[in-house]
Amino acid sequence: MKEQMVKFLVNGTTYEISIEPSMTLLEVLRDKLGLTGTKLSCGVGSCGVCTVLVDGKAVNSCLTLAITVKGRSILTIEGLVKGATLHPIQKAFIDHGAIQCGFCTPGMIMSAKALLDESPNPTRAEIEKAMEGNLCRCTGYVKISNAILAAAKALEEGEKQNG
Amino acid sequence: MAEEFSVIGKTITQPDAVAKATGSALYAADIKLPGMLIGKVLRSPYPHAKILRIERTKAEKLPGVKAVITKDDLLKIAYTCSFRDLPMIRAGSLQRPDQFILADKARYVGDAIAAVAAVNEHIADEALSLIKVEYEKLPAVLNPEEAMKPGAPRVHDHAEGNIAGHYTYRFAQGDVEKAFKEADLLVDDTYETTKQVAAQLEPQAVIANYDATGSVTVWSPCQLPHLAKRELAHIFGMPAGKIRLINPFVGGSFGCRLSIYNEPICIALAMITGKPVKIEYTKEEDFACLETRTPARYHLRMGFKKDGTLTAVQLKLIVWAGGYAGRSQLVGNVMLIWGLGHYRCPNRAGEVYNVYTNTPMSGAMRGYGNPEIMWGVEQTMDMAAEKLGIDPVELRLKNILKVGELSNKGLPIESTALEKCIRMGAERIGWKEKRDRREKGGSRCRGVGMATAAQSSGGYPGLLEHSTALIKLNEDGSANLIVHPGSPGTNIWGALSQIAAEELGVFAEDIHIVTGDTDITMFDLGSHASRSTYVTGNAVLMATRQAKNQLLERASKRLEVSPAELETKDRKVYMRENPQKSISIAEIARDAIYGLDGECLNISGKCSWEPKSSPSPTAAFFAEVEVDTETGEVKVLKFITAIDSGRVINPTTVEGQAEGAIAQGIGFALTEDYVIHQGTGAVETNNFDSYKIPSIADMPETEIILVEEPDPTGPFGAKGTGELSLAGVAPAIANAIYDAVGVRIKEMPITPDKILEALERREVS
Amino acid sequence: MIRVLKPFEYFEPNTVKEAIDILSRYGRKAKVFGGGTDLLVEMKRGKIAPQYVVYIKSIPGLDYIKYSQEEGLRIGALTTHATIADSHIIRDRFELLATACKKVGTPQVRNVGTIGGNICQGGPSQDTIPSLLVLNAMLKLVGPHSERLVPIDKFFIGPFQTAIDGVELITEIQIPALPAQSGGCYKWITKRTTADETLVGVAVLIVSDSTEGICKDIRIGLCSVAPTPFRARKAEELLREKKFESELLEEIVQAIDDEAIPRSRENYRRKMAKILTKRAIEEVWQRINYLKNINVDGK
């Protein structure tokens, strides 16, 4: 099938690019838009490193056909930082030693964002359930959990200050 | 103790954390070069086959294909992915150069037969499908029993009986047979451990470029970059100076990336096409082609006196190499060292056979044989404790090595806090209260179990050790530290920057790490054997000390006191007796560059450091489990690791390593099973959906206790730490299961099926 | 596995009729793409290579959860597992289905995978099926010329073989309302880790009589212990309309064992089918009676 011009809304910016329907969202992000923060590992939806948010929901971009999310709001790891200011979740991951090799980190942070947007005060059990689709081989997840709880607190405090 | 230091013992922001958290860290797959081609490898579908003919014309003619290579296009230079003829092995080379860039014969399902380079991935895929290989299938040996049978087909012509290596324990002493006869208790068991996969998240990806000057640049995740460069130079008959190896960010290794894999093929494609070539493995290729933990079957005998004193220990091991020897040659040998040297024992002997099989390659995974062998040693200790009527904690305390005795590597122990680790861990888990409960909560029984382990800080004395560090001061008082440990994500750069910062008297963020390029960095063996903190750390310390001496020399002229009266701290040089008399490090560094106090000098330091020791970090492991006796399911409720790794440079880093090790150990003991189809030889468990590593939902409550006992030879007293915290996890869980339900499973992984079967057998008997 | 998919023609129909027309035109060369997680994995693993892909999530009006006492529960086939798991209606009244949907895959997969897609997979281990079986779900199938309702226990013919005839799409799942004194649960054991494929899955639904201790109706659904998910009808008969007694449980689980035909890890699966059934029945029975007692006493 010939390539088609399709509009994507990624990290708040609209891109109009030529894609084949057989391209996954992950390919479009990495190869067409140069957003290499989202990674490829298992390719079959078991590891979560390719996690991005589509309309606020965590999805495996390696199992999403790009054409099916045209016009939807897509958020990747690159979209979290505002200028030079890290998102509280990113800051919490850094401060709590939740990053070792870093390969699972973008996907982890995106899943954490989806969780905290929906449940600002998650219990440890809720964190486990929300993060069970993101594998990490380095950290044992302990500091990742700690970081998510800390980020929840920071976001709450930020809300209080703003509100 | 941490109060003495400004930076050591603190948690710092890791130098690369922001890049990783924002997605800007570039791993090999993220790198694009102009004109870059995509390379792919055609792999054997058979475990053992001759290659009769390769029909490649159709593939070569496909538009967009720039190269198709087979073994006939390449010089037949044998090498080993784990680096042949290592001058590092003092005992003589164990390595077997038995590989070629493309296989001369298929020796496992996945062996590399041909390769293509094309302008995009679609075309590369299609080109592979157009290459027709005519194989002559040969009978295959898919496990060591088959391989060792008389008359079995030879995987390699040179290896009679498919033996890749046979080694005896180099620290053998006493007379084990006599001691076993005289022992009050003899415990005699066979254990089996599995082909655990590194299962790092980042698939193997390599880029190679060959320019008009005849120089090769290769972007590789290899953890031993200078050694890889050397091996690649050998394979291509090039001077080493013409090869430049760059490490991008690496997404985990756990030992699999000690070796090289697609680098030679990638370089060959780059040479032939004159363009940069990238080869990215699929995760399935990772599972089939990267070295895994070396599976072992061993017969372990331990003899004890009535009072629990260990008097004799013997190991007879068979380990599987797979289709090529690779790093399994070293691992089997080292298993003897961990297993036979862990406790005080006057009578010790052992031997290992490394066996070729037509299966994917085995090599080193975190622990380098230690987790494999502690699986058996620590369960046998547990069984001995029960038979002797001695508490398992007491049995360990009785036999652990003390200061002054010889370590598992035959070196005098200068520091150890293992006793403290054991006692603290036992107290924290509630050993006395929870032991022997056989707590009946309906069908659920709880138990606690323990294990201990000791590792090393570098490969001395078995391997030659060398790390060189270079540090230069910038005119703002910051410093660039040029080092090259491999960094697959261990946070070693943070630790090295803390060592340099403490010595120099600046903040951790003032140390900029310059690394990853063999053209810039001086020789470093790389990262293995938990060497980086200890060996590279000491090189960094000595290099920084040299720079500091230059700094003090210059400062002494300005402050008009002798250098011996000066100290550095908080970015200042100051007089010890009168701290008001001070000057900023920045000012001294800048003025030296511009010759304001004498000859122009860029203050710097360099040190090539060779250790004369390899102090053993030690640890005690405590697990609490709950076993459902109706379903056989095991839940690890709590896990405590008490670690003695000398001075802790960064507590968060050591904890993080230990927590990750608990996850890997739970996988090793309970959930990870690498299954090779016994008919086809293909890997059935070849991705994360079929090979299950623990997720966040499988983790217990954890506690990491850092017991600091500074080592006299480590940088600020630090010992190695990366591997140790894995070695005792699996046996502690096995021992806890025994405490809970009275069954002992010696084969891995411990599955609910096996527990139920064992419970039924016990009821019957 | 291939990392990049072979090219195909892509369609985004706006109505069910349009989708069916396209699928009819291209026959076996076309595949339905809903959540897509199963389809894309099969394509990447080289099991299938469709030339035409029909994206049906673009069809409006198939993503809903409706409930009324008269009509019962109606779920649109394109409703995701995540939506079902979080739905108050389903958690309050059909909790076992919410539990089952929450078990499927991972959060990322649950966010896109549809209940209709899960049913159409037709595999022996889909988590949602045991619950749908015991809830007496009916599937609305729409074809080129007609619509029909198929009871779910007639939908699975063999492993990955469904009763879909020619070109048909599931558009709705209908579940009758449950009587007051009823309850159910879904229990499972996974293959290895917590977030993993189900090794044995058992759903139980019990309706109890206002008369003390009579089990008016009992339904037991299992997955992963036979070529298709199934209702253990022989086992059910042992307790239906009978007084609940613990001794009966032994007979019931024996009947389960007789009906199970697991393919691998046979011994273990049989044992687990029995144990999970026993535990599920005990749990549901206790729960219903506890609730019943509360109502009776007015506490």
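The values are calculated or read from the model by the stated rules, or taken from the named source; none is laboratory data. Computed from a predicted structure; not experimentally measured. Cβ sites come from the backbone with ideal geometry, for glycine too, and all protein chains shown count toward neighbours.
Identify, please: which residue in the range C:1-21 is in contact with a Pro (Cβ under 6 Å, 6 or more places away or on another chain) and more than 14 Å from chain A (Cβ to nearest Cβ) and is, among those, nearest to residue A:68 (Cα to Cα)?
C:19
Name the residue, out of C:141, C:149, C:133, that is away from chain A (no Cβ under 14 Å) and crowded, with 24+ Cβ neighbours inside 10 Å.
C:133
Out of the range C:27-59, which residues are within 13 Å of chain A (Cβ to nearest Cβ), farther than 19 Å from residue C:116 by Cα, in a helix (DSSP H, G or I) and not basic (Lys, Arg)?
C:43, the sole residue that qualifies.
Could you check, for the range B:222-239, whether at least one of its residues is of a type in the set (A, V, I, L, M), within 14 Å of chain A (Cβ to nearest Cβ), in contact with a Phe, Trp or Tyr (Cβ under 8 Å, 6 or more places away or on another chain) and surrounded by 24 or more Cβ atoms within 10 Å (Cβ to Cβ)?
Checking the range B:222-239: not a single residue is of a type in the set (A, V, I, L, M), within 14 Å of chain A (Cβ to nearest Cβ), in contact with a Phe, Trp or Tyr (Cβ under 8 Å, 6 or more places away or on another chain) and surrounded by 24 or more Cβ atoms within 10 Å (Cβ to Cβ).
Restricting the range C:105-120 to residues that are within 9 Å of another protein chain (Cβ to nearest Cβ) and without any contact (Cβ under 8 Å) to a residue 60 or more places away in the chain, which is surrounded by the most Cβ atoms within 10 Å (Cβ to Cβ)?
C:108
Going through the range B:129-170 one residue at a time, which ones are surrounded by 15 or more Cβ atoms within 10 Å (Cβ to Cβ), of a type outside the set (Ser, Thr, Tyr) and within 30 Å of residue B:61 (Cβ to Cβ)?
Across the range B:129-170, the qualifying residues are B:130, B:131, B:133.
Being modelled with pLDDT under 95 and either surrounded by 22 or more Cβ atoms within 10 Å (Cβ to Cβ) or away from every other protein chain (no Cβ under 14 Å) (or both) narrows it down to one of B:655, B:760, B:708, B:672, so name that one.
Just one listed residue meets the conditions, B:708.
Looking at (1) assigned to a helix (DSSP H, G or I); (2) within 14 Å of chain A (Cβ to nearest Cβ), which is the only condition residue B:72 fails?
Only one criterion is unmet by residue B:72, namely (2).
Is one or more of the residues making up the range B:528-540 in contact (Cβ under 8 Å) with a residue 40 or more places away in the chain, charged (D, E, K, R), more than 28 Å from residue B:461 (Cβ to Cβ) and not assigned by TED's automatic domain parsing to the domain that holds residue B:656?
No, the range B:528-540 has no match at all.
Out of (1) more than 8 Å from chain B (Cβ to nearest Cβ); (2) farther than 23 Å from residue C:36 by Cβ; (3) touching a Lys or Arg at 6+ places or on another chain (Cβ under 9 Å), what's the single condition that is false for residue A:63?
Going through the list (1) more than 8 Å from chain B (Cβ to nearest Cβ); (2) farther than 23 Å from residue C:36 by Cβ; (3) touching a Lys or Arg at 6+ places or on another chain (Cβ under 9 Å), residue A:63 breaks only (2).
Taking the options C:258, C:297, name whichever one is in contact with a helix residue (DSSP H, G or I) (Cβ under 8 Å, 6 or more places away or on another chain), more than 14 Å from chain B (Cβ to nearest Cβ), surrounded by fewer than 17 Cβ atoms within 10 Å (Cβ to Cβ) and at pLDDT below 95.
After applying the criteria, what remains is C:258.
Say whether the condition of being crowded, with 24+ Cβ neighbours inside 10 Å, at pLDDT below 95 and part of a strand (DSSP E or B) is met by at least one residue in the range C:220-230.
no
Given the conditions (1) outside any loop (DSSP other than H, G, I, E, B); (2) more than 30 Å from residue B:105 (Cα to Cα); (3) assigned by TED's automatic domain parsing to the domain that holds residue B:217, report the number of the one that residue B:50 does not fulfil.
Residue B:50 satisfies every listed condition except (2).
Take residue A:51 and decide whether it is at pLDDT 95 or above and within 14 Å of chain B (Cβ to nearest Cβ).
yes
In the range A:59-93, what residues are of a type in the set (A, V, I, L, M, F, W, C) and free of Cβ contacts under 8 Å to residues at least 60 places away in the same chain?
A:59, A:62, A:63, A:65, A:77, A:80, A:81, A:84, A:86, A:93
Might you let me know whether the range B:502-518 holds any residue that is over 29 Å from the mean Cα position of the chain (by Cα) and among the acidic types (Asp, Glu)?
Yes, because at least one residue in the range B:502-518 is over 29 Å from the mean Cα position of the chain (by Cα) and among the acidic types (Asp, Glu).
List the pairs whose first member sits in the range C:46-68 and is closer than 25 Å to residue C:87 by Cα and at pLDDT below 95, whose second member is surrounded by 16 or more Cβ atoms within 10 Å (Cβ to Cβ) and of a type in the set (Ser, Thr, Tyr), and whose Cβ atoms are under 9 Å apart, counting only residues at least 6 apart or on separate chains?
Here the result reads C:58/A:68, each pair linking the range C:46-68 to a residue that is surrounded by 16 or more Cβ atoms within 10 Å (Cβ to Cβ) and of a type in the set (Ser, Thr, Tyr).
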